[in-house]
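None of the figures in this text is laboratory data; all of them are computed from the coordinates on show. These figures come from a predicted structure and were not determined experimentally. Don't worry about glycine lacking a Cβ; one is built from the backbone with ideal geometry, like all the others, and counts go over all protein chains shown.
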Amino acid sequence: MSIEAREARQPWILLSPALVAVGLLLMVPLLFIVVYSFWLRSAMGPDTPGFHLDNWQRALTDPFYRYILFNTLKIAAITTVICGLLGYPAAYFIARSRGNKMILLLLLLLPFWISYIIRTMSWINILGSSGALNTLLLSLGIISEPIRMLYNEATVILGLVHFLLPFMVLNVYVSLEGIDTNLEDAATSLGANRWQAFVQVVLPLSLPGLAAGGLLCFVLGAGTYITPLILGGPRDAMFANLVFEAIITQLNWPMGSALSLLLLLVLGLLVAVYNRFLGMAQLAKGLG
């Protein structure tokens, strides 16, 4: 074998363990889900194999599924915007701080050391009828009876922001950390004030990190089911909750497979649109 052929095969040899893992742990299960989505649930006995479009027809035409899907995308979009507005100043403060940057990053990463479910359930102790916030307001005499603050869309968004905000901060921080601070000094030396230097120099250069964090927050927010399950009410279910309900509660694996693939296709389409207008190269810049 020639040297050129060995060099051409070397990257594939090095990637083979990762490719095998992705194939076995991701592609094969996904293939099973695709096949299963065309089966039919049987009320008596095992599911009926075959190529049936009943599950897909129901998932695409039922107004209930359409409403939950649009509501899921809306909640994910609102959460992403809030994470961007709150995360950018925090990331900028960390990137421009001196001496205590590692401590601030450690504090940012601390929530990842606690279970996501525990962090979500902590809001019940804060916002519940006998939670810390209602107890404080009652003791101060501001309210005469507890305020119902749980189990609504606003609480779901609050829980998602609590979960996803560190992802946004980390992505924006990495992007800001890669910007040479001398560019700001050069802008100010040419007559721009600090605000103008930020708007015209720092902000445009950090947009890849903001876009990367936004895409990550949107996809993770649209695919979650724990937060609406714990903090939301019956009207605040997200699309992943329908998948959970179909598979775990109703034991309707074919319908649950079709719903999960529908969510995957919608999110994949949004990622494709992102790639069309911004490009994955920008995402790589934001992460690197």
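Taking a quarter of the surface of the convex hull around the Cα atoms of segment 1-64, what do you get in nm²? Walk me through the numbers on the way to the answer.
On the way: hull surface 32.2 nm².
Result: a mean projected hull area of 8.1 nm².
For a quick check, take a GNM of the chain with Cα springs below 10 Å and name the residue from ASN71, ASN193, ASN125 with the largest mean-square fluctuation. Result for the chain, Cα springs under 10 Å: ASN193 fluctuates most.
Comparing mean-square fluctuations of TYR92, TYR67, TYR173 from a GNM of the chain with C-alpha springs under 10 Å, the top value falls on TYR67.
Of ILE247, GLY214, LEU270, which is farthest on the positive side of the dipole of the chain, counting Cα position, with +1 on Lys and Arg Cβ, -1 on Asp and Glu Cβ, and the Cα centre as origin? Most positive-ward Cα: GLY214.
This ranking places THR249, THR80, THR155 by how few other beta-carbon atoms lie within 10 Å of each, fewest first, which gives THR249, THR155, THR80.
Here the relative contact order of segment 102-174, from alpha carbon pairs under 8 Å that lie six or more residues apart, stands at 26 percent.
Sequence-distant contacts, meaning Cα pairs under 8 Å at least 6 residues apart, place the relative contact order of the chain at 25 percent. With both labels modelled 7 Å from their Cα along Cα-to-Cβ, the LEU106 to ARG276 distance reads 4.7 nm.
Might you report the magnitude of the Cβ-based charge dipole of segment 174-288 about its Cα centre, with Lys and Arg at +1 and Asp and Glu at -1, to the nearest 20 debye?
Details: 4 positive and 6 negative charges, 55 e Å.
Dipole of segment 174-288, to the nearest 20 debye: 260 debye.
Full extension of the chain between ARG235 and LEU53 yields a length gain of 62.7 nm, computed as 0.36 nm times the residue separation minus the alpha carbon distance. Ranked by how many other Cβ atoms sit within 10 Å of their own Cβ, fewest first, the residues LEU60, LEU127 fall in the order LEU60, LEU127. Shape class for segment 46-118, computed from the alpha carbon gyration tensor (a ≥ b ≥ c): prolate, with a/c not under 1.5 and a/b above b/c. Placing a label point 7 Å from the Cα of ASP185 along the Cα-to-Cβ line, the residues of segment 85-114 whose backbone N sits under 17 Å from it are 96-99.
Considering only VAL201, VAL20, VAL271, the Gaussian network model of the chain with Cα springs below 10 Å gives its largest mean-square fluctuation to VAL20.
The residues packed around TRP39, meaning those with a beta-carbon under 15 Å from its beta-carbon, carry a net charge of 0 if Lys and Arg are +1 and Asp and Glu are -1. Here the chain is treated as a Stokes sphere of Kirkwood radius computed over C-alpha pairs; at 4 °C and 1.567 mPa s its diffusion coefficient rounds to 58 µm²/s.
Once Rg and the Kirkwood radius are both taken over the C-alpha atoms of segment 148-205, their ratio Rg/Rh works out to 1.27.
Sorting GLU245, GLU7 on the 10 Å Cβ count, fewest up front, what's the list? Show your work: numbers first, answer last.
Values: GLU245 17, GLU7 9.
Fewest-to-most ranking of GLU245, GLU7: GLU7, GLU245.
Projected label points at LEU86 and THR61, each 7 Å from Cα along the beta carbon direction, are separated by 4.2 nanometres.
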